[in-house]
1. What are the residues in segment 99-130 that are of a type in the set (Gly, Ala, Ser), surrounded by 12 or more Cβ atoms within 10 Å (Cβ to Cβ) and within 22 Å of Ile66 (Cβ to Cβ), if any?
2. Sort out which residues of segment 48-80 are under 17 Å from Lys125 (Cα atoms), among the aliphatic types (A, V, I, L, M) and in a loop (DSSP other than H, G, I, E, B), and write them in order of number.
3. With the condition kept exactly as written, say whether any residue in segment 36-59 is at pLDDT 95 or above and loosely packed, with under 15 Cβ neighbours inside 10 Å.
4. Given the condition charged (D, E, K, R), surrounded by 15 or more Cβ atoms within 10 Å (Cβ to Cβ) and modelled with pLDDT of 95 or more, answer yes or no: does some residue in segment 83-94 qualify?
5. Scan segment 97-111 and tell me whether some residue there is assigned to a strand (DSSP E or B) and under 11 Å from the mean Cα position of the chain (by Cα).
6. Can you tell me how many residues within segment 131-155 are open to solvent by 60 Å² or more (accessible area, probe 1.4 Å), in contact (Cβ under 8 Å) with a residue 24 or more places away in the chain and part of a strand (DSSP E or B)?
7. Any residue in segment 36-57 that is farther than 20 Å from Gly90 by Cα sitting within a Cβ distance under 7 Å of a residue that is basic (Lys, Arg) and modelled with pLDDT of 95 or more? List the pairs, counting only those 6 or more apart or interchain.
8. Of the residues Gly114, Gly108, Gly152, which single one is farther than 21 Å from Thr38 by Cβ and in contact with an Asp or Glu (Cβ under 8 Å, 6 or more places away or on another chain)?
Amino acid sequence: MNARSQWWLGLALASGLTVGVLALQSVPAQAAPVGPTTVLVGVTTQSYPSFFRISANGKTVQAGVIALGMSCRSGATFATPDEFAHVRIGPNGNLHAGYSVPPTAISGGGTYTGTDSMSAKLNRKRTQVTGVWELQLSYTFADGTTDQCDSGPVRFVDTR
């Protein structure tokens with residue numbers, strides 16, 4: 001994928017995530033900054049968007065959404081959205097989430113599986129979250145070939 005294609009893909013993902021933030025808040029765009037929840041937004045070290053919606057009581061991440069650039073051993077690259085929801089925020093602001101992706105069918109036959117993890121810290125004022133997110137996927141195709149794809153550790157800083 002060339003730089004121009006990546007720029008357009010990033011713009012499309014950012015637009016989609018912005019619409020998602022507004023839809024999650026269920027308020028008109030002009031009222032988005034005001035409300036019982038806090039939304040933090042940012043750009044990752046891969047230059048893709050990310051956002052976190054913090055509950056009104058500040059104890060839960062209602063939704064953490066990110067776009068990740070994936071690189072595969074085969075040389076293929078692609079971007080994919082990823083999400084964690086209902087993640088407890090510890091008393092010191094730490095939050096962790098992990099998930100094992102079960103074998104999932106893909107079109108044309110074959111499956112993929114993997115691991116998904118996120119570790120972050122929310123500041124005391126609940127105005128900034130910093131952390132690392134990583135997605136690893138293993139593909140097995142109908143013809144028996146395999147491929148391993150990984151985002152690598154993707155750093156993010158999201159602010160209000």
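The values are calculated or read from the model by the stated rules, or taken from the named source; none is laboratory data. Treat the numbers as computed from the prediction; the structure is a model and nothing was measured. Using ideal geometry, Cβ is built from the backbone for each residue, glycine included, and neighbour counts are taken over all protein chains shown. Heavy atoms of the whole protein, side chains included, go into the accessibility calculation; ligands, DNA and RNA do not. Shrake-Rupley method; radii C 1.70, N 1.55, O 1.52, S 1.80 Å.
1. Of everything in segment 99-130, those that are of a type in the set (Gly, Ala, Ser), surrounded by 12 or more Cβ atoms within 10 Å (Cβ to Cβ) and within 22 Å of Ile66 (Cβ to Cβ) turn out to be Gly114, Ser117, Ser119, Ala120.
2. The answer is Ala56, and nothing else.
3. Yes; the residues of segment 36-59 include at least one that is at pLDDT 95 or above and loosely packed, with under 15 Cβ neighbours inside 10 Å.
4. no
5. Looking for residues that are assigned to a strand (DSSP E or B) and under 11 Å from the mean Cα position of the chain (by Cα), one finds none in segment 97-111, hence no.
6. 4
7. Going by the 7 Å Cβ cut-off, the qualifying pairs are Thr44/Arg155; Thr45/Arg155.
8. That would be Gly152, the only listed residue that is farther than 21 Å from Thr38 by Cβ and in contact with an Asp or Glu (Cβ under 8 Å, 6 or more places away or on another chain).
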